[in-house]
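Here you go, one structure.
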């Protein structure tokens, strides 16, 4: 299952549309006014299905992940010199990627691929392809991509 993750060009807060391979909207992500990043994820019927929330009082960026209103895990950046690494406290998943973080993989604890993420470079806004191998993991993979993108935005600013 492939998801197209496109940031909206004109919005006050981080907003994204997530499409399936046929171009149908699967999710809409809306940034909320808060200290740090707060991203609400809505399904195609407008129901809130997830949240990615930055914990602001931490040494390195840390993002909590909620399915509906239930905490399911977090992702935090590790202290490294050259290449960013992430600690994921969720399902034993791990993230491996390249130096620029444009392409990376989400793997389970046995190094079995969950999703491959690639950034399309020549677009006006952030655009990613999320190739999820099991559709049941699509929302979770999306939340991790949102957290990593938000962390990169915080670092770049």
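Among the numbered conditions (1) touching a strand residue (DSSP E or B) at 6+ places or on another chain (Cβ under 7 Å); (2) closer than 24 Å to residue 60 by Cα; (3) at pLDDT below 75, tell me where residue 35 comes up short.
(1)
Name every residue in the range 111-152 that is within 19 Å of residue 28 (Cβ to Cβ), at pLDDT below 90 and surrounded by fewer than 21 Cβ atoms within 10 Å (Cβ to Cβ), in order of residue number.
If the condition is that a residue be within 19 Å of residue 28 (Cβ to Cβ), at pLDDT below 90 and surrounded by fewer than 21 Cβ atoms within 10 Å (Cβ to Cβ), then 123, 124, 125, 126, 127 are the ones that fit.
Scan the range 101-110 for residues that are surrounded by fewer than 17 Cβ atoms within 10 Å (Cβ to Cβ), touching a residue at least 12 places away in the same chain (Cβ under 8 Å) and not in a strand (DSSP E or B) and jot them down.
Passing the criteria: 102, 108, 109.
The values are calculated or read from the model by the stated rules, or taken from the named source; none is laboratory data. The structure presented is a predicted model; accordingly, all values stated were derived computationally and were not measured. A quick note on method: Cβ atoms are made from the backbone with ideal geometry, for glycine too, and the neighbour counts reach across all protein chains shown.
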